[in-house]
Amino acid sequence: MKKINFSATALMRNNRVLFIFSLICAIAIWISVSPTKQVKIPVTVNIATENTAVGTLGLQIIEGQGQSVDVEVQGEWYVLSRLTEKDIKITVDMEGVTKAGDYELKISATKATSGANFSIVKVVPDKLKVNFDYTLPKIVPIIAKAEGIKVDDKSGLRLGTVRPDVESIEITGPQSVVDTIDHAVAEVTEKATLDNTGSYKTNIKFINKKGEEVDASKLTLPFNEVNVVVPVNKPKTLSVVVSFSNQPEYFKNSPISYTLSEDEINVLGPPDVIDTLNAVDLGTINFKDISPTNNTFTYKLNLPTGVEEENDISEIVVTVDTSRIRSRTLDVSKFVIINKPSDKTVTTITNKKTVTIAGVLDAINSIKASDLYLEFDYNDLQNESGESPVAVTLKSDKYNNVWGVGDYQIQIKVE
């Protein structure tokens, strides 16, 4: 193996090595004799109100959070060069904060680690402007406007009530702002002539009781725009009709008379819906509900979606003419079953049933209990064995102008 000879004298005669060695020595000497320095460390101030008297009062910071200050620190260069804002602790004095309002809070800085080899000279600025307030929720109605939207006067169409697709908005913000808000406005600024319902996406503005716009920058909103619907309606006059069910044969050829509180109504609605309407059908009156003492029936108007009555009529009263109708109570003991299977035996446990019949005057005066019977359908039975109640219908083969008033049941046994 070749022997390597090391010579310090030869190494020192090498210019490159000598240069590097001299540079290292110079830096070491400069650091050891250099004086202390001062630098500014920018620090973001985050004010915490949790577990403080301010937090107990329910106050929150509205403005002033996250401000930046410069902390002047002093120390050796090699220490200061490595400092960050994490090495500095900022304390904010909130002792004087007792209610909502603007405050100038004094701040101070200390070392995050007490033994760190630097000192704090000052904080600039040493006070911060901070606004405190209570944060409250409030539900605000939304009013829609579309003054630039119209219809052609010659078309016969009419603009309906402009409305937002959301009727209200729940806002959250400083009490000093929330308390001033009266309502929100969604205003369509476009101009157009419509022949059908239009919809426009519009920003929301908040308005105070004086009609002035309120700055919403401090509010927390679930949304900031709505769709404003501008209905285009077509007017039409519709007749009102009602029908009858379970009517005796006589009244199919000679319908019972009735009057309506409104024979026709005036409606407004989307043209494509209005064009399909010819009448308003109130529904059906069951003859079993009609008697001399019960001849008035009230129906709520059931109009298609988007159609409304112009004159705020919401219900129609139907009055059946019972001036020639009489009623009478009889005991019926005849029972008839239909659709009974041949392998089943049905026994009527009920011997007789007291019923009320109604009909034209002549028939009621002459009818007898023997002219009536109560009919039930085996297919309507819930249980095909044992005893059970069953609904029955009052009938007469002799009289076609009478009917049973009300509902009746009898008890039967199936074997």
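A short reminder: the numbers here are calculations on the coordinates, not readings from a lab. Only a predicted model underlies this, so the values are computations on that prediction, with no experimental measurement involved. Using ideal geometry, Cβ is built from the backbone for each residue, glycine included, and neighbour counts are taken over all protein chains shown.
Summary of values
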{"quantity": "Per-residue Cβ neighbour rank within 10 angstrom, fewest leading, VAL241, VAL79, VAL232, VAL71", "calculated": "VAL241, VAL79, VAL232, VAL71"}
{"quantity": "Cβ-defined net charge surrounding PHE206, 9 Å radius [Lys, Arg +1; Asp, Glu -1]", "calculated": "-2"}
{"quantity": "Loop sites in region 125-211: trypsin sites (Lys or Arg not before Pro), DSSP, at most 14 other Cβ within 10 Å", "calculated": "LYS191, LYS209, LYS210"}
{"quantity": "Taking the chain and dividing mean pair separation by its residue count, relative contact order in percent (alpha carbons under 8 Å, at least six apart)", "calculated": "9 percent"}
{"quantity": "Local net charge near LEU372, Cβ-Cβ under 14 Å (Lys/Arg +1, Asp/Glu -1)", "calculated": "+3"}
{"quantity": "Taking region 37-125 and dividing mean pair separation by its residue count, relative contact order in percent (alpha carbons under 8 Å, at least six apart)", "calculated": "35 percent"}
{"quantity": "R0 of 35 Å, Cβ-Cβ distance THR110-SER176: FRET efficiency to nearest 0.05", "calculated": "0.55"}
{"quantity": "P(r), alpha carbons of region 325-414 - 10 Å bins starting at zero, rounded %", "calculated": "17, 48, 25, 10, 1"}
{"quantity": "Debye-sum result for region 38-140 in log10 I(q)/I(0), which assumes one identical scatterer on each alpha carbon, at q = 0.10, 0.15, 0.17 Å⁻¹", "calculated": "-0.34, -0.66, -0.78"}
{"quantity": "Alpha carbon convex hull of the chain, projected area averaged over orientations, nm²", "calculated": "55.5 nm²"}
{"quantity": "Ranked VAL267, VAL355, criterion: other C-beta atoms within 10 Å, fewest first", "calculated": "VAL355, VAL267"}
{"quantity": "Stretch gain in nm, segment ASP407-SER239, where the contour uses 0.36 nm per residue and the Cα spacing is subtracted", "calculated": "57.3 nm"}
{"quantity": "Set of aspartates and glutamates with alpha-carbon distance to LYS209 below 20 Å, sequence-local pairs under 8 removed", "calculated": "GLU167, GLU170, ASP179, ASP182, GLU187"}
{"quantity": "Reach of LYS353 by Cα under 13 Å, taken over aspartates and glutamates that are not fewer than 8 positions away in the same chain", "calculated": "ASP331, GLU375, ASP407"}
{"quantity": "Pairwise Cα inverse-distance average, inverted: Kirkwood Rh of region 180-305 (Å)", "calculated": "19.7 Å"}
{"quantity": "THR284 paired with ARG328, simple spin-label distance in nm, labels 7 Å along Cα-to-beta-carbon", "calculated": "2.9 nm"}
{"quantity": "Neighbour-count order for THR356, THR298, THR348, fewest beta carbons within 10 angstrom listed first", "calculated": "THR298, THR356, THR348"}
